[in-house]
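In what follows, a structure is listed as structure tokens, so that the remarks can point back to it.
The values are calculated or read from the model by the stated rules, or taken from the named source; none is laboratory data. Note that this is a predicted model, so its numbers are computed, not measured. As a convention, Cβ positions derive from the backbone with ideal geometry for all residues, glycine included, and neighbour counts pool all protein chains shown.
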Amino acid sequence: MDDKYFSQTANLVLRTFDINTVLADADNSIGTMSGNGAYLTWKNINLRYLLGDMWDKYEYFNIELLNVGRVAPTNGGLNDDSISMSIWLSGLSFLDECYSVPRKLKTNEACMGLIQLNTNQNTGTSLFGKTPSTAPFRKDKEITDITINLTISAKVNIH
């Protein structure tokens, strides 16, 4: 295979189910969950192990958000509203800092995309923007915590 068209990859799957089987606050050896699953941290991700020989070969990497999944709601009290949320990732040494307007400072976070969560059982989750969403980061700590923060961007009534 021609190396010109080949790139090495490693897969990292972050599942809320590994932290807690229900969307309730939790703190255990795998990670933490709060805000009904809107703030999630997976603890002690070993990047050297995950990346294998790429860790020694490269100084910079890309992380991509390929897809988002969710379980259909089972609560009969939900309506047909749709909530747009931005997906913020932290815990890696991102090359580009984001400016936070409310906090008036630059943060070491990456906005990995915008999702639309439909609260109706018959509809699903949509991922908007460039797919996959990519954020470059530099090699830093071998072991790190990775956090995903889902921030409500808009609530749209789709009746």
Criterion violated by GLY37 - all others in (1) buried (at least 17 other Cβ atoms within 10 Å of the Cβ); (2) over 20 Å from THR151 (Cα atoms); (3) out of contact with any strand residue (DSSP E or B) (no Cβ under 6 Å at 6 or more places or on another chain) satisfied = (2)
Number of positions in the stretch 40-70 that are touching a Lys or Arg at 6+ places or on another chain (Cβ under 7 Å) and loosely packed, with under 11 Cβ neighbours inside 10 Å = 2
query = Looking at the stretch 50-105, which of its residues are more than 17 Å from ASP140 (Cβ to Cβ), at pLDDT 85 or above and charged (D, E, K, R)?
reply = ASP53, GLU64, LYS104
